[in-house]
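Engineer: What follows is a single structure, and I will ask about it in a moment.
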Amino acid sequence: MLPRDTIDTTVLPPGERFGMWLDLIARTSVPVRIHSGHSDDFAARADFIGLGPIELVQYEYPSLDVSRTRKLVRQSDRELYILALTTGGIGASSQDGRRSEILTGEFTFYDASRPHDVRHHATEPERDQATSIITMIPHAALPLPPQRLAALYGGRMSGSEGIGALLAQFLLRLTGHPEQYHAADAGRLGAVGLDLATTMLGRHLAAEDAVPTEVRRRALLTQVQAYVHRHLGDATLGPQVVADAHHISLRTLHRLFEAENSTVASYIRDLRLARCRRDLTDPTMRTQPVQVIAARWGFGDKAHFSRAFRAAYGMSPQACRDGDALAARAVNHLASRVNSSGSD
């Protein structure tokens, strides 16, 4: 599981909660002035997940108004960029004379080393919480020209289309289900997140050429792989379909996978076979015919599926299912014998 640190103010009496939150921000973020219309009972939570080059913070609170002044910048400067995804509520971001209203599902971007103002309130404070996912990116980690990034400060970017949607899904998945990932993968996941963020920011600059080639390649690969996962059940899914969906040539798509020591077709096939094997060994799917499972994951030809499955796993699909069932029965039989023997 990815390591996660959680701060929950509700462990304290209502009158002490806002003070706890102020201490939290002072220790984990950058010095800011914070105001809230709910300071008398500030029920809030923050989850921190470190991912190597970046850090994610999932926030939940009733309302906040934050201001970082020049004086506070001089007092402490961690040299961070902040990329914030609003997941609930409404807000506004302001920096360098640019101000944007931020809605649920949108990103805003600003430089924590410069004065800025951020407002974030729940849509219905008496019933809901304002929620967001903050990505803290060190200046040195973001491979984009700093002088060009100023054009994005205080702006809004969509989290529901293109690379923004992929980044939003990535952040929601990681913060929502950290138990599904290994701690050893944190650095690699952070690199993926940084690539996606860099590519999204570069595209909004209308200067994708400012994004390093390798970063663009890795971000495009992540986008393609996510598309393949979503469309595995489509029997027509193949290299040309994938290339067309991403508006790239077939040659470009093949080069993308060459760097991964794979091919597009084998990537799709291996994923499909893995899904089929998972379903064949699932006790809850015992009544599903083998061919129905194969068709579910894009294998329309029974003979082709059997050959591919045997080549990958050294047994037929039916043998895989039967072998798993026999193993389960053996384990259950042993457990039955142990449990029926009584205690000594």
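Engineer: Go ahead and run the numbers for FRET between Ile248 and Thr287, Cβ-Cβ distance against an R0 of 35 Å, rounding to 0.05.
Structural biologist: Working from the Cβ atoms, E equals 0.25.
Engineer: Let me check against my output: what whole-number percent is the relative contact order of the range 68-203, with C-alpha pairs under 8 Å and at least 6 apart? Write out the running numbers ahead of the final one.
Structural biologist: Numbers: 232 pairs, mean separation 35.3, N = 136.
Result for the range 68-203 is 26 percent.
Engineer: Kindly identify the range 15-122 as rounded, prolate or oblate by the Cα gyration tensor criterion: order the square roots of the eigenvalues as a ≥ b ≥ c, call it rounded if a/c is under 1.5, otherwise compare a/b with b/c, prolate if a/b is larger, else oblate. Could you put the intermediate results ahead of the total?
Structural biologist: Details: a/c = 1.24, a/b = 1.13, b/c = 1.10.
Verdict is rounded for the range 15-122.
Engineer: Determine the gain in length on full extension of the stretch Leu22-Ala140; use 0.36 nm per residue of separation and subtract their C-alpha separation, reporting nm with one decimal.
Structural biologist: Numbers: separation 118, 0.36 × 118 = 42.48 nm, distance 2.75 nm.
Net length gain for the segment: 39.7 nm.
Engineer: Tell me, rounded to the nearest percent, the portion of alpha carbon pairs in the range 1-52 spaced more than 16 Å apart. Walk me through the numbers on the way to the answer.
Structural biologist: Numbers: 590 of 1326 pairs.
Pairs farther apart than 16 Å: 44 percent.
Engineer: On to the next question. Could you give the angle, 0 to 90 degrees to the nearest 10, between helix 264-280's Cα long axis and the longest principal axis of the Cα atoms of the chain?
Structural biologist: 70 degrees
Engineer: Residues with amide H under 5 Å of Gly155's amide H, sequence separation 5 or more or different chain, H placed in the peptide plane at 1.01 Å from N; which?
Structural biologist: Amide H neighbours of Gly155, under 5 Å, 5+ apart: Phe109.
Engineer: Explain nothing, just the number: dipole magnitude of the chain about its Cα centre with +1 on each Lys and Arg Cβ and -1 on each Asp and Glu Cβ, in debye rounded to the nearest 20. Walk me through the intermediate numbers first.
Structural biologist: Numbers: 39 positive and 38 negative charges, 209 e Å.
Dipole of the chain, to the nearest 20 debye: 1000 debye.
Engineer: Which residue, chosen from Gly105, Phe18, Ser76, occupies the Cα position most advanced towards the positive end of the dipole of the chain, where the dipole is computed from +1 (Lys, Arg) and -1 (Asp, Glu) charges on Cβ about the Cα centre?
Structural biologist: Gly105
Engineer: Follow-up question, since we're still on this one. What is the calculated FRET efficiency for Glu101 to Met1, with r their C-beta to C-beta distance and R₀ = 41 Å, to the nearest 0.05? Walk me through the intermediate numbers first.
Structural biologist: Numbers: r = 37 Å, r/R0 = 0.89.
After rounding, the FRET efficiency stands at 0.65.
Engineer: Further question: Taking amide H atoms as placed 1.01 Å from N in the peptide plane, list the residues 5 or more away in sequence, or in a different chain, whose amide H sits under 5 Å from that of Thr123.
Structural biologist: Gly89, Ile90
Engineer: How big is D, in µm² s⁻¹, for the chain by Stokes-Einstein at 25 °C and 0.890 mPa s if Rh is the Kirkwood radius over C-alpha pairs? Could the numbers behind the result be given before it?
Structural biologist: Values: Rh = 23.3 Å.
Using the Kirkwood radius from Cα pairs, D works out to 105 µm²/s.
Engineer: For the chain, what does the accessible surface come to per residue with a 1.4 Å probe? Please give it in Å².
Structural biologist: Numbers: 17440 Å² over 344 residues.
The answer is 51 Å² per residue.
Engineer: Cα centroid distance between the range 68-146 and the range 157-207, in Å?
Structural biologist: Cα centres, the range 68-146 to the range 157-207: 17 Å.
The values are calculated or read from the model by the stated rules, or taken from the named source; none is laboratory data. Since the structure is predicted, the reported quantities are computational estimates derived from the model, not experimental observations. Heads up, the Cβs are rebuilt from the backbone with ideal geometry, glycines too, and the neighbour counts pull from every protein chain shown. Accessible surface areas use protein heavy atoms only, side chains included; no ligands, DNA or RNA. Shrake-Rupley method; radii C 1.70, N 1.55, O 1.52, S 1.80 Å.
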